[in-house]
Amino acid sequence: VDAFQAWCGPCKTVVDLFQKIRNEVCSNLLHFAVAEVDSIDALEGYRGQCQPVFLFYAEGELVAVVRGVNAPVLQKTILEQL
């Protein structure tokens, strides 16, 4: 989940990375979503941050968090969680 604030919008540069990884691993387990933290009470703790935050969930539980756009770290985290 790309957790973003309305004033900065979702991180569009990462969408291509997620699509590339999904095509490479051919897994239906990988889903990408965006969530505006200003309108979701459960994400209140991520408000007021000036960097993108990517939340990784498995079976409804938060399993990993990556702060900032770091393609190698995002890719490694995705592959580890799959």
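For the range 31-65, a tally of residues being part of a strand (DSSP E or B) and among the hydroxyl-bearing types (Ser, Thr, Tyr) returns 1. A Cβ distance below 8 Å, combined with a sequence gap of six or more or placement on separate chains, defines the contacts here; from the range 39-51, residues that are over 10 Å from GLN5 (Cβ atoms) reach residues that are open to solvent by 60 Å² or more (accessible area, probe 1.4 Å) and outside any loop (DSSP other than H, G, I, E, B) in the pairs GLN51/ARG67. Among the candidates VAL1, VAL14, VAL37, which residue alone is surrounded by 14 or more Cβ atoms within 10 Å (Cβ to Cβ) and over 23 Å from PRO72 (Cβ atoms)? Exactly one of VAL1, VAL14, VAL37 is surrounded by 14 or more Cβ atoms within 10 Å (Cβ to Cβ) and over 23 Å from PRO72 (Cβ atoms), namely VAL37. Taken over the range 66-79, the criterion of being open to solvent by 50 Å² or more (accessible area, probe 1.4 Å), out of contact with any strand residue (DSSP E or B) (no Cβ under 6 Å at 6 or more places or on another chain) and not in a helix (DSSP H, G or I) is satisfied by VAL69, ASN70.
Looking only at residues in the range 41-62 that are of a type in the set (A, V, I, L, M) and surrounded by 13 or more Cβ atoms within 10 Å (Cβ to Cβ), the one that is farthest from LYS20 (Cα to Cα) is LEU43.
The residues on offer are LEU82, LEU30, and the sole one that is at pLDDT below 90, open to solvent by less than 50 Å² (accessible area, probe 1.4 Å) and either at negative phi or of a type outside the set (A, V, I, L, M, F, W, C) (or both) is LEU30.
The values are calculated or read from the model by the stated rules, or taken from the named source; none is laboratory data. Please read all numbers here as calculations on a predicted model, not as lab measurements. All Cβ positions, glycine included, derive from the backbone under ideal geometry; neighbour counts span all protein chains shown. Note: areas computed on protein heavy atoms with side chains; ligands, DNA, RNA excluded. Shrake-Rupley method; radii C 1.70, N 1.55, O 1.52, S 1.80 Å.
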